[in-house]
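Data block below; observations after.
The values are calculated or read from the model by the stated rules, or taken from the named source; none is laboratory data. Keep in mind it's a predicted model, so treat the numbers as computed, not measured. Neighbour counts run over all protein chains shown; Cβ positions are idealised from the backbone, glycine included. The protein model used for the area step is the full one, side chains on, heavy atoms only, and it has no ligands, DNA or RNA in it. Shrake-Rupley method; radii C 1.70, N 1.55, O 1.52, S 1.80 Å.
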Amino acid sequence: MTVVVARPVPQRRSATQRHALVATSHMRLMMLMMLFAAAVILVIGRLAMLGLLSGGEAEARVATLAARGDIVDRNGAPLARTIDAWTIAVHPRKIIGDKMEIASRLAALMPDRGDQAWFYGQLTRPVSFVYLQRRASPALVEQVNAIGEPALVFARETQRLYPQSTMASHALGFLSTDGHGMSGMERVLDERLLDPTKAGQPVALSLDTRVQAALESELGRAMGTFSARGAGGIVLDVSTGEVIAMVSLPTFNPNRVGMAGAEELRNITTQSVFELGSTFKPITMATAMDTGVVTSFARRFDATHPLKVGGYTIHDERGDPKRWLNMAETLIYSSNIATARVADEVGPQRMLAMFRKLGFDTKPDIELREKGRPLLPTYWARTTTMTTAYGHGIAVTPLHLASAYAALVNGGVWRPATLLKVAPGHAPVGRRVISEQTSARMRQMLRLIVMRGTGRKGDAPGYRVGGKTGTAEAAVAGGYDRSRNVATFAAAFPMDQPRYVVLAMLDSPLGTKETSGWKTAAWNAAPVVGRTISRVGAMLGVVPDANRDIDVSDILPTLWQDPSRTQPTGQ
């Protein structure tokens with residue numbers, strides 16, 4: 001039997017209902033389209049904003065560099081300039097040619113950047129963009145473009161150029177990627193160099209590139225000869241405090257600062273503190289005379305045997321005269337014993353007062369931010385006074401010592417050092433630390449050290465050099481490293497009318513066959529100063545004169561004549 005199921009008959013919608021449904025569908029579709037459009041607009045807007053911001057930042061960086069003023073030396077020679085340059089880059093993922101062949105051709109055009117393997121490594125990096133060369137010349141860009149690889153791209157951008165390469169790099173400093181000074185005078189002068197109202201007005205430093213080059217050359221030569229860890233040097237105008245040359249080795253190239261390590265970036269002359277040994281002895285003698293502790297220049301001090309103070313014994317070098325020494329002889333023979341006896345009479349209060357007058361209790365007074373703090377004793381026992389008198393137990397920067405020597409010879413006035421050129425008649429007033437009479441005596445004694453004592457190898461014929469050597473064991477955590485020393489020669493010239501201080505320091509030099517194994521300052525640091533003065537003295541306006549010298553006739557009769565001593569032992 002067949003069962004028939006009855007289905008309900010659908011009711012027909014009215015025309016009004018159909019129109020309502022169509023309208024609702026249209027409304028929903030329009031809303032979806034509007035939401036989609038809004039999302040698209042939001043994405044496009046965001047991309048555009050990012051593009052504008054990144055473009056703005058890039059333009060701001062270029063504008064910053066483009067507006068940065070030049071730095072020149074005291075004679076107008078360029079030290080830092082902002083130039084237009086080309087950049088060569090590549091999109092590794094878009095290369096269509098043979099990467100090995102392209103790498104070979106790039107290596108031939110840019111051998112200083114790397115060999116074929118290095119370029120191949122850059123072309124195969126899993127990134128979208130790689131710089132191959134910054135500051136490229138138009139000629140190099142043309143040659144690279146001739147390779148014909150579309151993935152190689154070129155852009156013109158503004159760059160900071162240091163045309164003297166590594167010369168005076170620590171004094172100059174370098175820039176960050178956004179065009180602001182990160183160290184050196186670039187950092188100090190950042191606001192001034194970016195001032196649009198002073199565009200086109202270069203800033204003149206106190207440096208003289210000719211003197212800088214000579215001192216760098218001589219220090220670099222000595223550093224290599226004696227296998228030293230580092231070296232530092234300064235030429236300082238004794239009347240103005242202007243730094244004519246500032247050398248720190250090892251150095252770095254500010255054009256490629258990313259390749260430098262912490263050791264290269266450190267400024268030895270202003271950041272590193274050292275015990276500078278016997279170079280402190282003239283300061284002790286000046287203090288004794290200026291404070292009236294020693295009133296007779298001919299007064300002698302016992303150096304016949306080692307000096308024992310408590311559990312401490314002070315010795316002199318082997319070969320030094322075992323006799324009573326006057327002030328000049330104490331410096332000529334660099335006697336620790338006699339110097340300690342003088343300091344013992346001066347006392348801790350007067351010694352500390354002199355060190356503070358010379359700025360040994362604060363960071364060096366110069367514009368640079370890269371400055372080290374001296375290590376001044378906090379407790380002054382009797383032995384502290386004695387040992388600091390010959391440069392042990394107190395650590396300062398080479399610049400501290402250079403400024404102190406300027407005051408010793410210029411009439412007794414200490415002035416802050418500066419890396420900015422000083423206009424005639426605008427030298428800082430400074431502060432008096434010793435009398436003119438004491439300064440005159442110091443000039444005589446410093447000259448005698450070079451004429452007859454440990455500084456003989458630091459002389460420069462005709463320039464009347466005076467100075468003092470200093471050799472101290474390198475201070476390390478918990479004591480001293482007896483296998484290492486710091487060798488320093490601080491000098492001034494011409495001593496009859498001092499114009500400049502010249503200081504050279506070697507960190508951990510070794511003895512050589514030529515020096516018979518000696519590694520003291522008389523054999524390594526002193527010759528650096530002598531050769532430098534011979535090279536630059538005339539450039540600085542000092543005319544060599546073999547028939548002219550400072551008058552030491554009143555001191556010579558008081559000196560012990562020792563014809564057997566023909567070579568300095570070198571403290």
Any idea which of (1) open to solvent by less than 40 Å² (accessible area, probe 1.4 Å); (2) within 23 Å of ILE314 (Cβ to Cβ); (3) aliphatic (A, V, I, L, M) is the one ALA402 doesn't satisfy? (2)
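Which of the residues spanning the stretch 490-510 are touching a residue at least 40 places away in the same chain (Cβ under 8 Å), part of a loop (DSSP other than H, G, I, E, B) and not charged (D, E, K, R)? Spell out the reasoning first.
We begin by selecting, within the stretch 490-510, every residue touching a residue at least 40 places away in the same chain (Cβ under 8 Å); these are 490-496, 498-510.
From what is left, the residues that are part of a loop (DSSP other than H, G, I, E, B) are 494-496, 498-499, 508-510.
Across the stretch 490-510, the qualifying residues are PRO494, MET495, PRO498, SER508, PRO509, LEU510.
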Counting just the residues of the stretch 121-158 that are more than 37 Å from the chain's Cα centre (by Cα), closer than 18 Å to GLY97 by Cα and not aliphatic (A, V, I, L, M), which one comes out surrounded by the fewest Cβ atoms within 10 Å (Cβ to Cβ)? PRO126
Has the stretch 468-489 got any residue that is in a loop (DSSP other than H, G, I, E, B), on the phi < 0 side of the Ramachandran plot, of a type outside the set (S, T, N, Q) and touching a strand residue (DSSP E or B) at 6+ places or on another chain (Cβ under 7 Å)? no
Here the residues within the stretch 490-517 that are open to solvent by 20 Å² or more (accessible area, probe 1.4 Å), small (Gly, Ala, Ser) and under 27 Å from the mean Cα position of the chain (by Cα) are GLY511
By residue number, the members of the stretch 150-185 that are in contact with a Gly (Cβ under 7 Å, 6 or more places away or on another chain) and within 21 Å of VAL211 (Cα to Cα) are HIS170, ALA171, LEU172, GLY173, GLY184, MET185
Which of the numbered conditions does PRO428 fail, given that it passes all the others? Conditions: (1) open to solvent by 40 Å² or more (accessible area, probe 1.4 Å); (2) part of a helix (DSSP H, G or I); (3) under 21 Å from THR269 (Cβ atoms). (2)
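Condition check ((1) aliphatic (A, V, I, L, M); (2) out of contact with any Cys (no Cβ under 9 Å at 6 or more places or on another chain); (3) not in a loop (DSSP other than H, G, I, E, B)) across all residues:
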site	(1), (2), (3)
PRO364	no, yes, no
ARG373	no, yes, no
GLY393	no, yes, no
LEU401	yes, yes, yes
ARG443	no, yes, yes
Would you list the helices (runs of 4 or more DSSP H) that sit entirely within the stretch 177-229 and hold 1 or more residues that are surrounded by fewer than 18 Cβ atoms within 10 Å (Cβ to Cβ)? 190-193, 209-225
Could you count how many residues in the stretch 349-382 are over 20 Å from ALA474 (Cβ atoms), surrounded by fewer than 17 Cβ atoms within 10 Å (Cβ to Cβ) and in contact with a strand residue (DSSP E or B) (Cβ under 8 Å, 6 or more places away or on another chain)? 1
Just give me the residues in the stretch 412-422 being of a type outside the set (Lys, Arg), over 11 Å from SER206 (Cβ atoms) and part of a loop (DSSP other than H, G, I, E, B), in sequence order. GLY412, PRO416
Flag if ARG350 is closer than 22 Å to THR438 by Cα, in contact with a Ser or Thr (Cβ under 6 Å, 6 or more places away or on another chain) and charged (D, E, K, R): yes
